[in-house]
Each structure stands twice: as structure tokens, then as C-alpha cells.
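S.K.: Once you've had a glance at the structure underneath, I'll fire off some questions.
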Amino acid sequence: MIRKITVHERTTGKALPVGELVSEIDELGRARCQFRYLEEFLVRRDAFAIDPVSLPLRSGIFTAERKVVFDIFEDSLPDDWGRKLLIRRNNVPRGEQNLASLLEALAASGLGALSFSSSATKRKQQPGQSGAEASLLEIDNLIEAIEHYERGDATDPLLSLLLSAGSSPGGARPKVLVSGKKADEHYLAKFPSIKDTLDVVRIEGATMSLAAKAGLNTADSRVIECAGKSALLVRRFDLMPDGCRRHMISFRSLLRAEAYYVSRYDELHAVVRKYSAEPAKDAEQLFRQMVFNALVGNTDDHLKNFWMLYSHRDGWRLSPAFDLVPNIARRSEHVLIFDTDPRHPGRSALVKLGRAWGVSGCQRIVDEVYAAVESWKTEFTAAGVSDEDIGQLSEIDGNVQR
């Protein structure tokens, strides 16, 4: 099976061709993919490397053995939740549910600046269009549709509404893309799951608010009530008010991490220092987020929860923080290693790490984050988190004492 896909980018607000992707899966299931930048893109004054590590800006063919697509293109695809919706919405046959076929189905409905087209694509959508959003006015119906979908009700009449909405690259919880009343209002809406034993939506909303008070550059977010339940709206940071888009790449792609990777915060810091247009500022933000994750017990700190963004105005920058939650999954270890241990290393060790990174004022940053997190119960209560749920998160108190 061979797929030939044209890759477009929308950093100027228009879909302009970038390169060609060829994905091959032979009869034995072995995969190989190749990519080349188009000459018409390379000669542009504003040309940029869509992946500065694996696909630097130059002519010639890039080859990746044992891969269906390069990681940067998989970044465009939604998570497990959204991927199931994408497959169902486009009726992708079971035997064709590989990453290249999903990119064809995704077309222009993903987050970030990339879009995809091919001669085999049967969708009527053009490369620059994006229709995978629901209206915020329909959010009550979306919650009902999600509940029915999670319960396996394939005949629910609201299913078409859910299938029309896109999702995001990170996480596996119910979420869709929604647009607000104004033209520049675009959100990722995150919903409760029927499997939840805690009010995860309000907990995440409270954690995001606490992070902002701790000095993190967080994605704008707010909790709303709909159909008697809570939903978290997170403002999309890939869309700019003028209609342009920011290109996105995950740290999983930048670090070329494979399935069961072992990575350290140090590695993320090295990437920021090498590629960021403002390395000192972004290194400070990454350090602040690392300290915050340690204190609140955000053990779900995997590499697809950290992104770099590219725009022609700002170059490469660390994205705002998102998907910040305490240790609701009861994991004993963080995904990312702090120094030599995947557990919270303690206050003095965090300061030592900041000094090793060359972060200016690292002692002050640690003190600020600790001071903010010490009042976490007040913040969570104000956000409507129940006393029972707060009691389930008492691990945070122990983290602050370390």
C-alpha cells in the first residue's frame, strides 16, 4: 500500500504547499516513509523547517525506515479519543487505519498549521478549509452525545454532531473543538467521562488557575456549566487573531522518542536552548512548569504535553502550559525524570537543577511556585472542587513540605 500526500502549511492564513510525503507498507507489514520539501517552498523567503531535528530545511529526500509517517505528521493527528471519531466520521476501513490514511482523512481539520491532501482523498474539503468544529451553542447536546458514545450507543441521533467536531493531539479524555460567538473564539472543550470517580474537569480548571498564579504561562481556560455538568474551555493557541496559524511540534517528535521512552527534563531544556528564539525566557518557563508539576504531582508529564510553536513573527517558542492535573491516576512516578529520579526530588534539588540549567533567579522561582501551591486548597474550593475530592488530593501537601 502506497500513499502519496501533499503537505500544506497555513502560517500565513493560506494553505501553501510545503512538500510531498510518500508512505509505503509492503505485504509483510514493513513500513517506510519519505519526504521532500518542494522547490517552490524552499525558495520562499519565509520558508522554515517543519521539524528542525528530523526534517531540516534543505533539498533532497528524507527517509525513515520502519515508520509509516514522520513523527511531526503524527503530531497533527488527534489522540485516541479523537482518532476513533476521525475513523468513524470518514468510514476508514479497518485494514486502512494506518497513520498515512488517517492524515488523508484529517485533511485540514487538525490543530496547528499543517494540512494534508492527495489525489486519492475523497473528501470535498479543500486543504485550507477547516470544518471540524462544533458551536459553543451546541455544548449541551455535545455532553449528551459524548455520554451516549461512551456507553456504546451507535444509533444516538446526536452522534453526527459529535462526529463533526475535531479533537486534539494530547490525552485520551472526551474533548472536541468548538467555536464561540466571535470569529476569533476557538476552544478545546474538555468534558467529564462516565468513568470518572473525581470531578476531573473542575480539578483541571483549578490546577490551571493555580498554575497561572504560580507564574506559569498557561493557556487561557475557564470552566462553564452546561446540561447540569461542567466543561473546561481551553483557548486554542495555534490560531492567531489575524487568521494565521502557529505551527506546532511536540517534544516527543523533537526528541525522537519511541514508544516506551525514558526522558529527562534536562533533554527538554536542551531543545529549548537550541531552538527557541528566546531561549532564556523559555528555559525559565520550562523550569517553572517542572517545579509546579513536582509540587502538584502532575505525574502525567509526558512529551506530548510539551510543545514548541512557530510563527513568522516570533520564531520557535515554548507553548503555553496545558493539561495540568494533580496525581488523580495515583501514579508513583512522573513520566519525565527530574535529575536521577522520576519522583519529586525536593526543594533544594529543584533549585540545584535550576542553577545547572543556568536559569536566572531559580531560587526566587522555586519560592514563588511553592508559595502559590501552598494555597492550593483555597484555590480548589473557590473553583467548586468538593471537599471529598480535595481530600483525595492531599498528596500535594506532602509535596509542598519536601
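S.K.: Give me the dipole magnitude in Debye, nearest 20, for region 2-117 about the Cα centre, with unit charges on the beta carbon: positive for Lys and Arg, negative for Asp and Glu. Mind showing how you got there, number by number?
M.R.: Numbers: 17 positive and 17 negative charges, 43 e Å.
The calculated dipole for region 2-117 is roughly 200 debye.
S.K.: With the radius of gyration and the Kirkwood radius both derived from the Cα set of region 2-117, what is their ratio Rg to Rh?
M.R.: On the way: Rg = 14.1 Å, Rh = 14.6 Å.
Reported Rg/Rh, Kirkwood definition of Rh: 0.96.
S.K.: Something else: Which distance in nm do the two modelled labels at residue 395 and residue 183 give, with both placed 7 Å along the Cα-to-Cβ direction?
M.R.: With each label point 7 Å from Cα toward Cβ, the separation is 4.6 nm.
S.K.: Oh, and also: At a 10 angstrom cut-off on C-beta neighbours, averaged per residue, how do the peptides 261-268, 103-110 rank from highest to lowest?
M.R.: On the way: 261-268: 16.9, 103-110: 24.1.
Highest to lowest by the protection proxy: 103-110, 261-268.
S.K.: Compute, for region 247-400, the length of the dipole vector about the Cα centre, with Cβ point charges of +1 (Lys, Arg) and -1 (Asp, Glu) only. Units Debye, rounded to 20. Provide the component values of the computation, followed by the final result.
M.R.: Details: 18 positive and 22 negative charges, 146 e Å.
Around 700 debye, computed over region 247-400.
S.K.: Output needed for region 168-279: three equivalent-ellipsoid semi-axes, defined as square roots of 5 times the C-alpha gyration tensor eigenvalues, in descending order, whole Å. Working shown, then result.
M.R.: On the way: eigenvalues 150, 78, 43 Å².
Over the Cα atoms of region 168-279, the semi-axes work out to 27, 20, 15 Å.
S.K.: Among the lysines, select those whose C-alpha is under 23 Å from the C-alpha of residue 190, and discard any that sit fewer than 8 residues away in the same chain.
M.R.: 84, 175, 181, 182, 213, 229, 304, 377
S.K.: Put +1 on the Cβ of every Lys and Arg and -1 on every Asp and Glu Cβ in region 247-400; which of 263, 373, 321 then has its Cα farthest towards the positive end of the dipole?
M.R.: My answer, from the dipole projection, is 263.
S.K.: Same structure again: Beta carbons within 10 angstrom, averaged per residue: use that to sort the peptides 50-56, 174-180, highest first. All intermediate terms of the calculation are to be shown ahead of the outcome.
M.R.: On the way: 50-56: 18.9, 174-180: 22.7.
Top to bottom by mean Cβ count within 10 Å: 174-180, 50-56.
S.K.: Now for a different question. Assigning unit charges at the beta carbon (Lys, Arg +1; Asp, Glu -1) and nothing else, what dipole magnitude in debye, to the nearest 20, does the chain show about its Cα centre?
M.R.: Numbers: 54 positive and 56 negative charges, 210 e Å.
Taking the Cα centre of the chain as origin, the dipole is about 1020 debye.
S.K.: To continue, here is another question. Report the trypsin sites (Lys or Arg not before Pro) located in region 183-222 that are in a DSSP loop and have at most 10 other Cβ atoms inside 10 Å of their Cβ, or state none.
M.R.: Of the trypsin sites (Lys or Arg not before Pro), the ones in loops of region 183-222 whose Cβ has at most 10 other Cβ atoms within 10 Å are 195.
S.K.: Packing-wise, with mean Cβ within 10 Å as the measure, how do 67-77, 288-298 rank, highest first? Working shown, then result.
M.R.: Details: 67-77: 22.4, 288-298: 25.2.
Per-residue Cβ counts within 10 Å, averaged per peptide and sorted highest first, yield 288-298, 67-77.
S.K.: Among 60, 35, 77, whose Cα sits farthest toward the positive end of the charge dipole of the chain (+1 at Cβ of Lys/Arg, -1 at Cβ of Asp/Glu, about the Cα centre)?
M.R.: Positive-most Cα among the choices belongs to 60.
S.K.: So what's the gap between the Cα centers of region 275-300 and region 202-272, to the nearest angstrom?
M.R.: A separation of 12 Å, based on Cα centres.
S.K.: The list (i) 0.99; (ii) 1.26; (iii) 1.35 gives values of Cα Rg over 2.2 N^0.38 Å, and only one came from this structure; which label was calculated from it?
M.R.: (i)
S.K.: Residue 79's amide H: which non-local residues (gap 5+, or another chain) put their own amide H closer than 5 Å, with H modeled 1.01 Å from N in plane and none for Pro or chain starts?
M.R.: HN-HN under 5 Å from residue 79: 168, 170.
S.K.: Right, another one. If I stretch the segment between residue 280 and residue 42 completely, what's the gain in nm (0.36 nm per residue apart, minus their alpha carbon distance), one decimal? Mind dumping the intermediate values first?
M.R.: Values: separation 238, 0.36 × 238 = 85.68 nm, distance 2.97 nm.
Stretched fully, the residue 280-residue 42 segment lengthens by 82.7 nm.
S.K.: At 222 nm, what value in deg cm²/dmol follows for the chain if DSSP H runs of at least 4 each add -39500 (n - 2.57) and the sum is divided by all its residues, to the nearest 500?
M.R.: -9000 deg cm²/dmol
S.K.: Starting from 0.36 nm per residue, how many nanometres of slack lie between residue 371 and residue 140 once their C-alpha separation is accounted for?
M.R.: Numbers: separation 231, 0.36 × 231 = 83.16 nm, distance 3.78 nm.
Stretched fully, the residue 371-residue 140 segment lengthens by 79.4 nm.
S.K.: For the pair residue 150 and residue 313, what calculated FRET efficiency results from E = 1/(1 + (r/R0)^6), where r is the Cβ-Cβ distance and R0 = 30 Å, to the nearest 0.05?
M.R.: 0.15
S.K.: Going through the DSSP H helices of the chain, which span 18 Å or more along their own axis at the Cα atoms while scoring at least 0.0 as a mean Kyte-Doolittle hydropathy? Could you put the intermediate results ahead of the total?
M.R.: Numbers: long enough: 200-213 (20 Å, 0.73); 279-296 (25 Å, 0.08).
Those that clear 18 Å and a mean of 0.0 are 200-213, 279-296.
Laboratory data are not the source of any read-out in this text; all were calculated from the coordinates shown. Quantities reported herein were computed from a predicted structural model and do not represent experimental measurements. Counting neighbours? That spans all protein chains shown, and the Cβs are built from the backbone with ideal geometry, glycine included.
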